[in-house]
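For reference, the structure discussed in these notes is given below.
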Amino acid sequence: MIKKALTALAAALFLVAAPVHAGSWQDNLSLGGFNNVHLYTPDTDSPVGAGKALLIVLHGCTQSINAYKTANLEVAAEEYGMVVAVPDAMNKAGFSCWSYWQGSKSRSAGDYKNLIDLANELSGDGARDIDPNQVYIAGLSSGASFANTTACLAPDVFAGVGVSAGPSVGTSSSGAIGVCEQANVESRCRNLGGAYQSAFDTQVASIAHGDADTTVDTCYNRQNAEGMAGLYGVSELSGSTVISQDGGTAEEYLWQDGRVSMLWLNGLDHSWSGGQGASGNYIGSASINYARYLGEFFSQNNARVNRNLAPSIDGLTLAANGDAIQIGGQADDEDGTVTAITIVIEGLAGGGETLTTTVDGGGAFQATSGSLVDDLYTVAVTAEDNDGGESDPAIDTVRVGPAPPPSAPVLSDIAVSVDGQCATVSGQVVDENQDLASVTVTFASGAVSAELDGVHYSARACDLPGGANSASVEALDQGGLADNDQIDFQIDAGQVATLDQHISAGRLDYTNYANCYLEYGTATFKLTEQPNGDQCQWQDDDASCSGPVQACAGDDGGDDGGDNGGDNGGGDPQPGCQQESAYNYYHKTAGRAYSTGNYLTPDYFAQGSDQPMAGSTWGNTTLYSSDGGATWQVGTCP
């Protein structure tokens, strides 16, 4: 217990945070045996367990992993603290499918091994803060069947599986697009688990299928759900529930203890269900956001995580009484009882002691130290509950003896954490005279008053310029004495999009279109805003693809993601209205439209309003938006 408290105190007083690039996609990473993995890292942590969850999503046949960049996976990732990995299959079968019906099914074979390695590599990387007890796998169609097979092979690795429109484990390729094949999912999955069968005791499964799917037989939905339920030994509950969210509905059936769910995704064809606004090849918007559903289902039903809530400490009071320190406060535990309070006292010149005490019936605690020499003391208090959970330390300072001559505060252990175009600067400030007035952190965007918690300070700023940045810190006491510190860091202000999306957002125009297209085609690529005199210019890493010199993002008249570089179709639209005229295909690549149906002659719809657009791929349509591009409608600005 004492060792834990000392460790917590050291961590709090000597915090050094590494830069974290969260809340964004990283494309085409080489991970776990795959050459190309799209990876989204959220800002948030999982609502349960420790750290973030991991969801690996497997594409379907003929489907690029790029399609999942517009499937609303980010929404689920941020809401449920899930890192999302979308790998491109290495050993594809016909029509670029995951080859669930071919080859050896073992933990050491082909893409089964690659997926297990991917999961272990990501969860084993401490910098990513992924809880190994919250690793999940899901997929669409061939990817769904492959995900289910992988979860059967490695139930110790995958705490949950999501199967969307997937043929049953062990079925043939003809069973995917032909007559439904009967399969004993329970027996096949148990045999695949081999020596790891005991892990099925804590695995959960979600099975889903679009009720308008005419590609893969819907018989597999119940066959898969009942098979996994048999494997887990749970019975189906009576009745069903209609879920309404993300612009659509789904009908949910549940089995005991939340071990298995079965969804009918209402109105959805053979697509991954992304909810309202989702688009892309075999990405549907008719029903709910399935990844968001999985985030909730997994977090609520995962039996491998420690759901104990740590206790908390409030109202810490410190007072010198002669040569001793009196400590008091309140400790509470939402789901249990506080069993012990540990108090670590350390002086600037060394010395101090460790005390333990308990709380009374109302959660209050009190303690008094032994005799201490004159010094400034840091006091860290932690609470432990009946399930072994430990609170964050409450830390403050108190002086024993007379105050020393006036002296400036002392800043130390400065650190910076970067996410996107935001930065948080933190560190320690100690004032021997205990008359600290303020700590101010000055970023490129201006000065910010730091929040103080005992000896710890932190300040955050956003909308910082890309490239080299610095932040300066000033600690000022009531007598006007000050200490200063500084830290340098980098901001990556890049934007990842396709060529047409960059043009639509005003970062590029058609002047340099040929060079950019020859280099990137229809793939996504990153542009970074660079200063150019008093203005800015978006360009790639070697400046071979660059946009016009224009006002910097954030400046009045700068990049607002609107119709810079686009054709407004003539006329004078009302202020705040964006208007674009283009072929339907280019509306889709710019995110203003989506397509469904036949691959060769798809139907196009305006993003957000779902209004039909005439002419299939090369129909020329005018769209307008009055809400900053969130919703597009057919026609011209009113």
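The set of residues from the range 139-160 being open to solvent by less than 10 Å² (accessible area, probe 1.4 Å) and β-branched (Val, Ile, Thr) comprises 149, 150.
Count of the range 515-532 residues, restricted to those that are open to solvent by less than 70 Å² (accessible area, probe 1.4 Å) and either of a type in the set (Phe, Trp, Tyr) or over 30 Å from the mean Cα position of the chain (by Cα) (or both), is 4. Given the condition in a strand (DSSP E or B) and without any contact (Cβ under 8 Å) to a residue 60 or more places away in the chain, answer yes or no: does some residue in the range 220-239 qualify? For the range 220-239, residues in a strand (DSSP E or B) and without any contact (Cβ under 8 Å) to a residue 60 or more places away in the chain: present.
Here's a check for you: in the range 385-426, which residue that is among the hydrophobic types (A, V, I, L, M, F, W, C) and assigned to a loop (DSSP other than H, G, I, E, B) is surrounded by the most Cβ atoms within 10 Å (Cβ to Cβ)? Outline the logic, then answer.
Our first condition is that a residue be among the hydrophobic types (A, V, I, L, M, F, W, C); within the range 385-426, this holds for 394-395, 398, 400, 403, 408, 410-411, 414-416, 418, 422-423, 425.
Cutting the leftovers down to assigned to a loop (DSSP other than H, G, I, E, B) gives us 403, 408.
Values: 403: 13, 408: 17.
Only one residue tops the list, namely 408.
Taken over the range 166-213, the criterion of being polar (S, T, N, Q), free of Cβ contacts under 8 Å to residues at least 40 places away in the same chain and more than 20 Å from residue 135 (Cα to Cα) is satisfied by 174, 187, 191. Checking each residue in the range 439-461 for being surrounded by fewer than 17 Cβ atoms within 10 Å (Cβ to Cβ) and touching a residue at least 40 places away in the same chain (Cβ under 8 Å) picks out only 453.
Has the range 191-200 got at least one residue that is open to solvent by 50 Å² or more (accessible area, probe 1.4 Å), of a type in the set (Gly, Ala, Ser) and over 16 Å from residue 251 (Cα atoms)? Yes, the conditions are met somewhere in the range 191-200. Residue pairs whose Cβ atoms lie under 8 Å apart, sitting 6 or more positions apart in sequence or on different chains, and linking a residue in the range 256-277 that is closer than 19 Å to residue 595 by Cβ and in a helix (DSSP H, G or I) to a partner that is open to solvent by 10 Å² or more (accessible area, probe 1.4 Å) and modelled with pLDDT of 95 or more, do not occur here. Do you know which of the residues in the range 48-65 that are of a type outside the set (Gly, Ala, Ser) and not in a strand (DSSP E or B) is surrounded by the fewest Cβ atoms within 10 Å (Cβ to Cβ)? Step by step, filter the range 48-65, then rank; the result is 62. The single condition from (1) open to solvent by 40 Å² or more (accessible area, probe 1.4 Å); (2) closer than 15 Å to residue 546 by Cβ; (3) of a type outside the set (D, E, K, R); (4) out of contact with any Asp or Glu (no Cβ under 9 Å at 6 or more places or on another chain) that residue 512 fails is (1).
Residue 172 falls short on exactly one of the conditions (1) assigned to a helix (DSSP H, G or I); (2) within 19 Å of residue 58 (Cα to Cα); (3) open to solvent by 10 Å² or more (accessible area, probe 1.4 Å), and that condition is (1).
Could you look through the range 208-237, keep only residues that are within 22 Å of residue 282 (Cβ to Cβ) and among the charged types (D, E, K, R), and pick out the one that is most open to solvent (accessible area, probe 1.4 Å)? Among them, the one singled out is 211. Screening residue 326 on (1) part of a strand (DSSP E or B); (2) more than 34 Å from the chain's Cα centre (by Cα); (3) free of Cβ contacts under 8 Å to residues at least 40 places away in the same chain; (4) surrounded by fewer than 16 Cβ atoms within 10 Å (Cβ to Cβ) shows it passes everything except condition (3). Scanning the range 491-510 for residues that are at pLDDT 80 or above, over 30 Å from residue 417 (Cβ atoms) and not in a loop (DSSP other than H, G, I, E, B) yields 499, 500, 503, 510.
Applying the set (1) open to solvent by 10 Å² or more (accessible area, probe 1.4 Å); (2) modelled with pLDDT of 90 or more to residue 433 leaves exactly one unmet item: (2).
Note on the range 571-630: residues that are open to solvent by 60 Å² or more (accessible area, probe 1.4 Å), modelled with pLDDT of 80 or more, in a loop (DSSP other than H, G, I, E, B) and in contact with a Pro (Cβ under 9 Å, 6 or more places away or on another chain) amount to 1. Listed by first and then second residue, the pairs linking a residue in the range 413-435 that is more than 18 Å from residue 44 (Cα to Cα) to a residue that is open to solvent by less than 30 Å² (accessible area, probe 1.4 Å) and in a loop (DSSP other than H, G, I, E, B), with Cβ atoms under 6 Å apart and 6 or more places separating them unless they lie on different chains, are 428/455; 429/409; 430/455; 431/409. Here residue 179 fulfils each of the conditions (1) open to solvent by less than 20 Å² (accessible area, probe 1.4 Å); (2) over 23 Å from residue 105 (Cα atoms) apart from (1). The set of residues in the range 241-255 being of a type outside the set (A, V, I, L, M, F, W, C) and within 22 Å of residue 594 (Cβ to Cβ) consists of 244, 245, 246, 247, 248, 249. Taking residues in the range 522-542 that are farther than 12 Å from residue 495 by Cα and without any contact (Cβ under 8 Å) to a residue 24 or more places away in the chain, and partners anywhere that are open to solvent by less than 40 Å² (accessible area, probe 1.4 Å) and of a type in the set (Asp, Glu), the pairs with Cβ atoms closer than 6 Å and at least 6 places apart or on different chains are 536/529.
When each of 82, 90 is tested for being crowded, with 24+ Cβ neighbours inside 10 Å and among the hydrophobic types (A, V, I, L, M, F, W, C), the lone residue that passes is 82.
Can you give me the number of residues within the range 175-186 that are modelled with pLDDT under 95 and in a helix (DSSP H, G or I)? Looking only at that region, the number is 3. Counting only residues that are surrounded by 20 or more Cβ atoms within 10 Å (Cβ to Cβ), more than 18 Å from residue 219 (Cβ to Cβ) and either modelled with pLDDT under 95 or of a type in the set (Phe, Trp, Tyr) (or both), the range 240-270 holds 3 of them. Name the single residue, out of those in the range 340-372 being open to solvent by 70 Å² or more (accessible area, probe 1.4 Å) and modelled with pLDDT of 95 or more, that is nearest to residue 48 (Cα to Cα). Once the filter is applied, the top-ranked residue is 358.
The values are calculated or read from the model by the stated rules, or taken from the named source; none is laboratory data. Keep in mind that what you see is a predicted model, and the values were worked out from it rather than measured. Positions of Cβ are generated from backbone atoms using ideal geometry, with glycine treated the same way; all protein chains shown enter the neighbour counts. All accessible areas refer to the heavy atoms of the entire protein, side chains included, with ligands and DNA or RNA removed. Shrake-Rupley method; radii C 1.70, N 1.55, O 1.52, S 1.80 Å.
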